[in-house]
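The values are calculated or read from the model by the stated rules, or taken from the named source; none is laboratory data. As the structure is a computational prediction, the values presented were derived from the model and not from experiment. Quick reminder, even Gly has a Cβ in these numbers, built from the backbone with ideal geometry, and neighbours come from all protein chains shown.
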Amino acid sequence: MPIRKLTYIILCVFMMFSCSVNKFIPEGEYLLKDVKIVSNTNASNVTKARDYVRQMPNAKWFSLVKVPLYTYALSGRDTTLWINRVLQRLGEAPVVFSEELAERSRRNLQQMLVNDGYLHAEVDFTCEKKDDKKRAVATYYLHERERYFVSDITLNTVDSTLASYIDFSSEESFLRPGMPFSVDGMEQERNRLTKLFKDKGYYRFQKDYITFTADTTHHSNNVNLTMNIALPVYSTADSVVMHKEYRIGNIYYVCGVGMRYDDEVLSKCDTLNYHGYNIIYKGNTIVRPGVLVENTFFQPGDIYSQSNVDRTYNSFAQLTAVKYTTIRMVEHPDTALLDCYIVFDRNKRRSVGFELEGTNTAGDLGAAASITFSDKNLFKGSEQLSLRVFGAYEAISNLSGYTGNTYLEYGAEVSLRLIGGIPQAFVPAEKRMLLSSSLFSLKFNTQERPEFARRILSGSWSYMWSKRKEDQHKIDLIDLNYIYVPWISNTFKEVYLDSVSNRNSILKYNYENLLITKFGYTYYYNSSHNNSNRFQRVVYSFRANAECSGNMLYGINRAFGGAKNEDGQFTLLDIAYAQYVKSDFDFAMRVNMDTRNSIVFHLGLGVAYPYGNSRVLPFEKRYFSGGANGMRGWTVRTLGPGRYRNEGRSIDFINQSGDVKLDLNMEYRTFLFWKIHSAVFVDAGNIWTIREYKEQPGGQFKFATFYKDLALSYGIGFRFDFGLFVFRLDGAMKAINPAYEGRERYPIICPRFRRDFALHFAIGYPF
């Protein structure tokens with residue numbers, strides 16, 4: 001009976017919304033309820049075809065319910081009322097079926113098939129209309145018929161130089177005998193050759209000079225393809241003129257005069273000649289002349305190359321002292337020389353930032369603040385200096401046996417970013433094709449707690465470079481971390497470190513003086529940069545990182561017979577150093593079903609192994625699980641390792657850490673309205689230890705049984721996307737909790753909200 005009542009209520013609600021929508025449908029018109037595309041030949045054509053349909057039905061939340069349409073339907077016709085305007089702004093107006101747009105869609109689909117080699121394809125269209133409900137369903141039937149293939153490719157040109165370039169680069173061609181006859185393939189080849197010629201000096205060459213002729217008169221599905229390269233427009237039958245190869249003439253740097261300039265403006269500026277380069281400036285040159293030349297990828301006398309112009313644009317874009325850049329080529333009359341004008345303006349040099357935040361850690365209130373000063377042109381070489389001073393305070397409750405009840409943290413950080421920064425001997429041969437920078441940083445942090453005091457001194461030198469927009473490389477050449485523990489309270493020592501009944505070797509290891517010397521490499525790739533202006537069905541990214549520590553010091557100590565401390569560790573200046581290897585891999589793929597809905601898959605895997613001088617990973621290098629970016633059914637650092645269960649210890653964050661981490665996530669994301677998005681998600685994963693530690697029972701990774709230790713959670717989230725930043729709110733419930741046995745292991749069938757629910761606030765998307 002209750003089910004019947006619920007069904008009746010749902011039907012009534014839908015009927016109410018349906019009636020509300022109808023008031024916005026003009027008489028004799030129909031709401032476009034659905035669009036169907038049918039093909040009996042190739043299912044991939046159906047997926048591709050949806051991008052060519054000019055009119056689609058109203059959007060659905062999570063591809064299920066047309067909530068934006070129903071929101072709009074709740075409004076009235078009187079737009080003078082603010083509530084009606086708000087509802088209409090938040091919602092989406094009904095999509096009224098259009099015969100004209102349907103016919104355009106049919107022609108678009110037919111042309112799509114022809115462009116893919118189905119030269120005799122046809123597309124039929126039907127529309128099923130229901131007068132009583134004022135609804136219409138549009139169906140497009142794809143009849144592909146026989147597909148045509150390229151049998152032969154012939155080049156038609158009188159320019160032997162261009163012909164030689166084409167022949168030399170034939171391995172890179174997008175056209176091959178035997179491939180399907182495709183307009184996209186021909187367009188890709190036109191773009192490739194145009195770029196090739198522009199990189200060979202043909203500044204005025206345009207892709208319109210390249211055309212194709214297709215011969216299909218062989219009574220078969222084979223196409224003889226002829227690629228034609230026309231002569232310049234100023235060439236005539238009486239006077240044949242070949243395409244002209246240009247070289248770079250004079251190079252002018254124009255600084256601080258704005259983007260609009262003429263001879264009168266330039267005549268009022270100062271001029272400087274630097275090794276054959278002309279610098280025209282107003283006020284000052286912004287950066288040193290040598291910096292301008294180093295970031296220019298061509299010089300006087302070079303053959304013109306569009307790729308080198310693009311590299312120069314990208315290189316100037318990374319100069320923090322420069323606000324914007326434009327590059328203009330001016331032809332010398334009756335010559336093949338191009339004068340180059342690189343015009344740029346200064347950026348705001350110095351800035352000061354202040355951040356203030358409140359904290360709540362398990363009911364303990366606190367505050368944190370930081371002040372940052374930045375100089376974007378410290379030595380007139382676009383060096384970016386950053387100085388940061390920070391501090392935090394927190395009142396700690398529920399601590400007994402300690403003299404204080406406050407947590408105080410403060411410190412300072414200085415960093416310097418340089419363009420380039422690697423000595424020539426260490427740079428690859430294609431150095432000038434790289435966008436590179438170096439980052440030097442020094443940081444000091446001190447923590448004062450009732451239980452202990454901790455000091456951390458860090459210094460690093462990183463080198464980053466990129467050859468393409470899609471990927472990035474980073475090498476941590478030097479990364480030193482010195483952890484100094486000046487004192488530990490007697491209570492903390494007796495209860496956690498030295499007590500025979502409660503001794504924790506992992507905890508003890510991380511409250512000793514320690515030196516970490518890291519060397520690492522990171523690679524990042526994001527496919528979204530490939531076609532930033534086009535809708536991409538699939539976008540993916542991945543990041544790989546590898547690092548090691550202590551190997552060189554360990555080798556020196558072993559070779560020269562260095563002394564060990566009482567714990568059997570080699571030391572440097574009486575300080576034990578960590579030795580480990582660590583590797584991380586992160587992959588994310590977003591499948592866009594349309595402009596409003598997408599599915600995102602994420603895989604995160606990390607493995608770290610302590611050896612030699614270390615039996616335990618340093619606390620800063622261990623993995624944790626739970627929180628806003630991983631297993632969202634658990635709060636930060638409360639899951640794992642493995643089947644380990646927190647038995648209510650007051651100090652347990654050390655034990656809930658591991659050497660192996662696995663995250664598997666899936667999100668269904670949808671746009672709601674205004675700037676609000678939503679997502680439903682499922683998370684699976686855990687952490688483990690490589691070795692077996694008595695303090696972490698059930699936490700060791702075992703390949704044969706690790707899948708039994710996987711935790712599972714599910715939830716829903718809301719994202720407020722304001723462009724510059726995304727504010728995220730995620731709520732999740734535990735589904736499988738490996739820390740428990742029996743029914744308690746499966747909260748999905750016996751949930752307890754207080755125990756199994758976690759709420760997370762975060763900035764940015766989780767992956």
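Of all the numbered requirements in (1) touching a residue at least 40 places away in the same chain (Cβ under 8 Å); (2) of a type outside the set (Val, Ile, Thr); (3) outside any strand (DSSP E or B); (4) assigned by TED's automatic domain parsing to the domain that holds residue 319, residue 242 misses one, and that requirement is (4).
For the stretch 216-223, the count of residues that are closer than 27 Å to residue 329 by Cα and free of Cβ contacts under 8 Å to residues at least 24 places away in the same chain is zero. When restricted to residues that are over 39 Å from the mean Cα position of the chain (by Cα) and in contact (Cβ under 8 Å) with a residue 12 or more places away in the chain, the stretch 76-97 contains 1.
For the stretch 70-89, the criterion of being in a strand (DSSP E or B) and more than 16 Å from residue 671 (Cα to Cα) is met by none of the residues. So is residue 145 surrounded by fewer than 17 Cβ atoms within 10 Å (Cβ to Cβ) and over 24 Å from residue 179 (Cα atoms) or not? It is false that residue 145 is surrounded by fewer than 17 Cβ atoms within 10 Å (Cβ to Cβ) and over 24 Å from residue 179 (Cα atoms).
Confirm whether residue 667 is acidic (Asp, Glu), under 14 Å from residue 644 (Cα atoms) and surrounded by 14 or more Cβ atoms within 10 Å (Cβ to Cβ). Judged against the criteria, residue 667 is not a match.
I'd like the full set of residues that are surrounded by 20 or more Cβ atoms within 10 Å (Cβ to Cβ), in contact with a Gly (Cβ under 7 Å, 6 or more places away or on another chain) and not in a loop (DSSP other than H, G, I, E, B), limited to the stretch 581-632. Hit for the stretch 581-632 is 623, nothing else. Annotation: residue 58 fulfils all but one of (1) surrounded by 19 or more Cβ atoms within 10 Å (Cβ to Cβ); (2) modelled with pLDDT under 90; (3) more than 32 Å from the chain's Cα centre (by Cα); (4) not hydroxyl-bearing (Ser, Thr, Tyr); the unmet one is (3).
The criterion of being in a strand (DSSP E or B), among the hydrophobic types (A, V, I, L, M, F, W, C), assigned by TED's automatic domain parsing to the domain that holds residue 195 and out of contact with any helix residue (DSSP H, G or I) (no Cβ under 6 Å at 6 or more places or on another chain) holds for residue 225.
Among the residues of the stretch 160-207, those identified as under 30 Å from residue 121 (Cα atoms), in a loop (DSSP other than H, G, I, E, B) and more than 33 Å from the chain's Cα centre (by Cα) are 176, 177, 178, 179, 181. Might you check whether a residue that is of a type in the set (D, E, K, R), loosely packed, with under 15 Cβ neighbours inside 10 Å and within 30 Å of residue 389 (Cα to Cα) occurs anywhere in the stretch 322-336? Within the stretch 322-336, one or more residues are of a type in the set (D, E, K, R), loosely packed, with under 15 Cβ neighbours inside 10 Å and within 30 Å of residue 389 (Cα to Cα).
Figure legend. Inter-residue proximity from the stretch 598-615: first residues closer than 18 Å to residue 686 by Cβ, second residues among the basic types (Lys, Arg), beta-carbon distance below 6 Å, spacing 6+ or different chains. Indicated pairs: 606/661; 608/582. Residues that are touching a helix residue (DSSP H, G or I) at 6+ places or on another chain (Cβ under 8 Å) and in contact (Cβ under 8 Å) with a residue 24 or more places away in the chain within the stretch 151-175 comprise 155, 157, 162, 165, 166, 169, 175, listed in sequence order.
Residues in the stretch 135-153 that are in a loop (DSSP other than H, G, I, E, B) and out of contact with any Asp or Glu (no Cβ under 9 Å at 6 or more places or on another chain): 146, 148. Inspection of the stretch 569-576 identifies at least one residue that is assigned to a loop (DSSP other than H, G, I, E, B) and surrounded by fewer than 17 Cβ atoms within 10 Å (Cβ to Cβ).
Taking the criterion of being under 26 Å from residue 161 (Cα atoms) and of a type in the set (Val, Ile, Thr), the residues of the stretch 239-261 that qualify are 240, 241, 248. Would you check if there is a residue in the stretch 387-404 being over 23 Å from residue 446 (Cα atoms) and at pLDDT 90 or above? So far as the stretch 387-404 goes, no, none of its residues is over 23 Å from residue 446 (Cα atoms) and at pLDDT 90 or above. When the stretch 699-732 is filtered for residues that are buried (at least 16 other Cβ atoms within 10 Å of the Cβ) and more than 22 Å from residue 632 (Cβ to Cβ), the ones remaining, listed by number, are 700, 701. Looking at 245, 294, 264, just one residue is modelled with pLDDT of 90 or more and either more than 39 Å from the chain's Cα centre (by Cα) or not aliphatic (A, V, I, L, M) (or both), and that residue is 245. Using beta carbons and a limit of 9 Å, which pairs, at least six apart or on different chains, have the first residue in the stretch 447-472 and outside any strand (DSSP E or B) and the second one among the basic types (Lys, Arg)? Close Cβ pairs (under 9 Å, with a partner that is among the basic types (Lys, Arg)) do not exist here.
Checked against (1) of a type outside the set (Asp, Glu); (2) touching a Ser or Thr at 6+ places or on another chain (Cβ under 6 Å); (3) at pLDDT below 90, residue 130 passes all but condition (2). For the stretch 707-725, state whether one or more residues are free of Cβ contacts under 8 Å to residues at least 24 places away in the same chain and not in a loop (DSSP other than H, G, I, E, B). The answer is yes, given that some residue of the stretch 707-725 is free of Cβ contacts under 8 Å to residues at least 24 places away in the same chain and not in a loop (DSSP other than H, G, I, E, B).
Scanning the stretch 30-47 for residues that are loosely packed, with under 13 Cβ neighbours inside 10 Å and part of a loop (DSSP other than H, G, I, E, B) returns a single hit, 40. Between 758, 679, 684, 735, the distinction of being touching a helix residue (DSSP H, G or I) at 6+ places or on another chain (Cβ under 9 Å) and surrounded by 15 or more Cβ atoms within 10 Å (Cβ to Cβ) belongs to 735 only.
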